[in-house]
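Working notes for the structure below.
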Amino acid sequence: MRKCFFSLKTPLHNLFQHPPPSFTVDPIGYYLEEDLGKGDATTLSLGIGERPAKASIVTNEPCILAGGEETVEVFSRLDARAIQLVEDGDRAEAGAVVMEIDGKAGAILAGERLALNILSRMSGIATATRILTEKVQAIDPRVKIAATRKTTPGFRVYEKKAVELGGGEQHRQRLDDLVLIKDNHLAMVGSVGEAVRRAKEASELKVEVEVENMEQALEAVEAEADIILLDNMTPGEAKECFGAIKDHSPDTLVEVSGGITPENAHLYASCADRISMSRITSYSPPIDLTLHFL
């Protein structure tokens, strides 16, 4: 279960000035409650819920499996036993049995859709991340793919985990992980240098700043930003800024983002240490998996 640090009753100013009160979120429990409602009307009406049963989950296309751990937990909450035959992060070929489940028929049927939703969504993200990572690392093995915070509310932790299982990085999980100064922050402060200096004085977290041109990039270097994000640049512009930043500060991490897709990401492989993009969490197609009773 994940600890969160504010509630809807927390005064707005406390969300960014003081550590707000905490509460515990149980995502799997919430998802089950959302799906089950008052109970599985179909299984109950047919009177088959108590019958012992076995089932398997099969992938209908090649994938990098992700979400197996969460799927095991779904069935466990319903008093059914699930065993992974393919580990999270491993490749599965089309037709492979990735999991076997045994328990009462009602438990398996109650968990079926939630389990498949989690598996298909997470495996889709992990598969897309692996394909993209292999593509850019064929050009430069040190480059990392990272996910942004453009994720599904309530499912972020699993989408980010799927990115890691596919060989990528999480970047920020939440707003309290990193100081990330973006264009709207800069509009309020006035300059890249001033914003970075304020952040470094006020926080012990790493400071990342978004820049749009060479002048801002060098200003960020001068202010000793830990990470410089090259935003919405062409590959040529990004490469020029990357070279200038590394000439002045070889240890500064350079990230590129904005307008990057699976189709053009390889053009940025020589322009940055990290490529961040929302498409791996927002647009990756789910993997087709099915559950069959044996």
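Just so it is clear, none of the values below were taken in a lab; they were calculated from the coordinates. Fair warning: this is a prediction, and the values are worked out from it, not measured in the lab. Neighbour counts are summed over all protein chains in view; Cβ atoms, including those assigned to glycine, are modelled from backbone coordinates with ideal geometry.
For this structure, a couple of remarks:
- The ranking of TYR30, TYR268 by Cβ neighbour count inside 10 Å, starting from the fewest, reads TYR30, TYR268.
- Ascending count of other beta-carbon atoms within 10 Å, so fewest first, for PHE242, PHE155: PHE155, PHE242
- Percent breakdown of C-alpha pair distances by 10 Å bin, ordered from the shortest bin, for the chain: 6, 24, 27, 21, 14, 6, 2, 0
- Neighbour net charge for HIS266 - beta-carbon separation under 15 angstrom, K R +1, D E -1: +4
- C-alpha long axis of helix 156-165 to longest principal axis of the chain, angle in °: 80 degrees
- Cβ-defined net charge surrounding MET188, 14 Å radius [Lys, Arg +1; Asp, Glu -1]: -1
- Helix axis angle, 27-36 relative to the chain longest principal axis, alpha carbon, degrees: 50 degrees
- The lysines within cross-link reach of LYS144, meaning a Cα-to-Cα straight distance under 29 Å and a gap of 8 or more places when in the same chain, are LYS3, LYS135, LYS160, LYS161, LYS182, LYS200, LYS206, LYS239, LYS246.
- Taking other residues whose beta carbon is less than 9 angstrom from the beta carbon of GLN84, and scoring Lys, Arg as +1 and Asp, Glu as -1, yields -4.
- ALA94-ASP176 FRET efficiency (beta carbon distance; Förster radius 45 Å; 0.05 resolution): 0.65
- Length gained when the stretch ALA244-ALA187 is fully extended (0.36 nm per residue, less Cα-Cα span): 18.1 nm
- The Rg/Rh ratio of the stretch 135-282, with both radii computed over alpha carbons and Rh defined as the Kirkwood radius, is 0.95.
- Note on the chain: antiparallel DSSP beta bridges, both residues inside, total approximately 50 percent of the bridges counted.
- Residues of the stretch 221-235 with amide N under 12 Å of the 7 Å Cα→Cβ point at GLU194: none
- Ellipsoid equivalent to the stretch 61-182 - semi-axes via the Cα gyration tensor, in Å: 29, 19, 9
- To the nearest ten degrees, helix 68-77 and the longest principal axis of the Cα atoms of the chain are 50 degrees apart.
- Pairwise label distance in nanometres, LYS54 with ASP140, each label 7 Å out on the Cα-Cβ vector: 5.2 nm
- Sorting LEU32, LEU175 from the fewest to the most surrounding beta carbons within 10 angstrom yields LEU175, LEU32.
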